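Quick note: the coordinates plus some simple rules give every number you see, no bench work behind them. Source: prediction; values computed, not measured. Don't worry about glycine lacking a Cβ; one is built from the backbone with ideal geometry, like all the others, and counts go over all protein chains shown.
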Amino acid sequence: MDFSLTQEHEVLRQSMKEFGERVIAPKVREMEETSEMPMDVMAEMAKLGMMGVTIPRDLGGTGLGHLARMIMIEEIARISAAIGMSLQMLHTGAGAILGGGNDEQRKKYLPDLATGLRFATLAVTEPAGGSDPFAIQTTAKLEGDLYTISGRKCFIENSHLADIHTVTARTGEGPRDISTFIVDKDTPGWRPGRLEHKMGLRGSQVGEVILENCKVPKENLLGAEGQGVRVALGGISAYGRPGTAACGLGILNGCLEAATRFAKERILYGKPIAELQAIQWNICDIYLDLETSRLLVYRAAWMLDTAQRADAEIAAAKFYATEAAVRAAKKTMDIHGAYGCMNEYAAQRYYRDAQLLISAAGTSEIQRMIMVRKPLS
Amino acid sequence: MKIVVCVKPIPDPSYWARLPLDPKTHTLRREGIPNVLGLLDKCALEEALRIRDSCGGKVTVVSMAPLSTLGTLYQTLAMGADEVVLLSDRCFAGADTLATSYVLATAIKKLGQYHLVLCGDKSLDVGTGQVAPQVAEFLAIPHVCHVLKIDLLDGGRVRVKAKTDDGHIILETDLPAVLAVHRGINQPRLVSLMGLVAAREREIKVWGASDLEVDPARVGLVGSPTQVAQVFAPQRRRRGELLQGEAEEMVRSLMARLEQAGVMPT
Ligand SMILES: Cc1cc2nc3c(=O)[nH]c(=O)nc-3n(C[C@H](O)[C@H](O)[C@H](O)COP(=O)(O)OP(=O)(O)OC[C@H]3O[C@@H](n4cnc5c(N)ncnc54)[C@H](O)[C@@H]3O)c2cc1C
């Protein structure tokens, strides 16, 4: 078993680290204050080819793969989990088309998504519940060559930013009659709804997407009618969950750095608190959570890169890395004492950001349900 | 335009606090410390890439370093260099700047025709600033250090703006020449994902002592006249002195001291 990364991965990490520190770090304070996505950062990411990491080369991407994607998002989220989350959901939107689309659809949409000329989402969740994708109320009715789609999606990452929305909708009376469609934001009847005010991930958009009698051509159906949940969950499993998990890795890195720095600098009883065993054990817990999460996340990505079935492993990575991020952020705040609750310190941001990763791409309960199928099967 | 860029992988500055000194040789113990390219080396490469991209040609990166730095040098290919030549041999180890410059210059000659050699002003770890001028001397071509701007002129000449202690100077010289770039000449590009893919097609050659036909007495530790006698952190002492008395008297006394310290304008 070889745990070493390739030269290519190492150089990618170095470049992403520099990008995070040089381009993203100066924006973090403003994002916290205004909750606005810095579009110039998005443009820089597009220029570096970051949107097309998992899109094959013949479709305009670089096809570097899932492990490269994890390394990239980890380094970005180390500086800003909000940017990490936005970026990873762009991949997820494109991933649903790559995984569920036919050749024409791939050729039509993926080159622009790879270069960042256009952005995509994957919109499944509705007010009727995210955990139960069969409970959606959005409908799509076929009349002639056009589907008419009506409904409301909520908690959609990049809702107001994206140009291409992959949405699930009910196409029949049966409980499982759900299909997935590609909807261009220029379609009459499409409009963004409310933009949420979130506790964390400030600067990344989460909001509503509203479809009112949106007429889309038949060719925009992804996969077959009635396969919608499979197509959408395929995208969430291969892209959304690993991507969210990698954001957790980023936060864990940030926590370890912030906690150790503070523990070495803060003097109590005449010496740095890093010399107190209780503090050391907390730092050790963060370290262990980071190492464990990284192994799970990278392993899941490697399985995807080698075309293995990895539902349980992906769920394990998502569950573990995001729960670990919340734990680590709490410990980082604790180590900081009152300073940890102050906006000048990143600890409180990690804490607020980490919690948002728990329900994104499926809650921890849902991940448990997916994982447990493996031992029980 | 054929451009050679000399770079040196250095220990990652974020590990410097943990970098031990060998008590016998007074050199850094680098085992287990990851390598990176220094900023100035990246500036030199960036400048080379810009020149190539505007007027065509080829950029060759040359580095004398252990084989373990292959991964770090791969970064230069991903930034856009056309090829990398790693000069690596056991007998090159322990080289001072003279032995290093000798090996670099020998390699540059072996590469054949070249128009420009770009280096960083100094490496970030040792920082002597001696290598670029020494390479130029071995190649018997002109050199300029602290370069802030490079303009290619017609007729195989180049105009450079170079930083001086109290401003800058504009110089013109014939090519080939060695130019050592100063911080701020440019903002080096980040490696793009497209750059990573393109780098797969490019090559890192490794040349040893036998490939270069160097004089064994002039390389590595044996070829290095410099010996590190002692390494220490300089002590900076500050001393406060309280002047007392009448204001006028204190000002006069202060002026006298400033004059004595040589900091008053004449
Ligand atoms: C930052 C962020 C970004 C998001 N981005 C997107 C996006 O781009 N696209 C998109 O479609 N959605 C997105 N979501 C929504 C996300 O997918 C949902 O929040 C998630 O699926 C949970 O749905 P819910 O919030 O409606 O919770 P509910 O489904 O209402 O769940 C409520 C509680 O019930 C529990 N529960 C549900 N079912 C079970 C069960 N069977 N057994 C035990 N417990 C259960 C849940 O774990 C949870 O604790 C995003 C959410 C966040 C926070």
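A compact table of results
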{"quantity": "Virtual spin-label span in nm between B:Val126 and A:Thr306, 7 Å along Cα→Cβ", "calculated": "4.3"}
{"quantity": "Peptide A:10-20 - average C-beta neighbours from other chains (10 Å radius)", "calculated": "5"}
{"quantity": "Separation between Cα centres of region A:97-114 and region A:4-31, rounded to whole Å", "calculated": "28"}
{"quantity": "Pairwise centroid distance, computed over Cα atoms, of region A:250-320 with region A:137-162, Å", "calculated": "39"}
{"quantity": "Over chain B, relative contact order from alpha-carbon pairs under 8 Å, at least 6 apart, %", "calculated": "23"}
{"quantity": "222 nm mean residue ellipticity, helices alone, for chain B (DSSP H n ≥ 4; -39,500 (n - 2.57); rounded to 500)", "calculated": "-8500 deg cm²/dmol"}
{"quantity": "Region B:171-266: GluC sites (Glu not before Pro) in DSSP coil with no more than 15 other Cβ atoms inside 10 Å", "calculated": "B:Glu201, B:Glu213, B:Glu241, B:Glu246"}
{"quantity": "Shape of region A:256-377, Cα gyration tensor, a/c cut at 1.5", "calculated": "prolate"}
{"quantity": "Rounded, prolate or oblate (a/c below 1.5 giving rounded, otherwise prolate when a/b exceeds b/c) for region A:127-204 by Cα gyration tensor", "calculated": "oblate"}
{"quantity": "For region A:165-233 and region B:239-261, distance of Cα centres in Å", "calculated": "78"}
{"quantity": "Average partner coverage of B:67-77, which counts Cβ from other chains inside 10 Å", "calculated": "3"}
{"quantity": "Rounded, prolate or oblate (a/c below 1.5 giving rounded, otherwise prolate when a/b exceeds b/c) for region B:2-218 by Cα gyration tensor", "calculated": "rounded"}
{"quantity": "Tally of Lys pairs whose C-alpha atoms are under 19 Å apart, taken over chain B, 8 or more apart or cross-chain", "calculated": "25"}
{"quantity": "Protection proxy ranking, peptides A:240-250, B:148-158, average beta carbon neighbours within 10 Å, highest first", "calculated": "A:240-250, B:148-158"}
{"quantity": "Relative contact order, percent, chain A [alpha-carbon distance under 8 Å, six or more residues apart]", "calculated": "16"}
{"quantity": "Candidate lysines for bridging to A:Lys218, where Cα separation is under 22 Å - those fewer than 8 sequence places away on the same chain excluded", "calculated": "A:Lys107, A:Lys108, A:Lys141, A:Lys153, A:Lys185"}
{"quantity": "Region A:7-115, relative contact order in percent, only Cα pairs under 8 angstrom and at least six apart counted", "calculated": "31"}
{"quantity": "Of the trypsin sites (Lys or Arg not before Pro) in region A:98-207, those whose Cβ has at most 13 other Cβ within 10 Å and which sit in DSSP loop", "calculated": "A:Arg176"}
{"quantity": "Of the trypsin sites (Lys or Arg not before Pro) in region A:268-377, those whose Cβ has at most 14 other Cβ within 10 Å and which sit in DSSP loop", "calculated": "A:Arg309"}
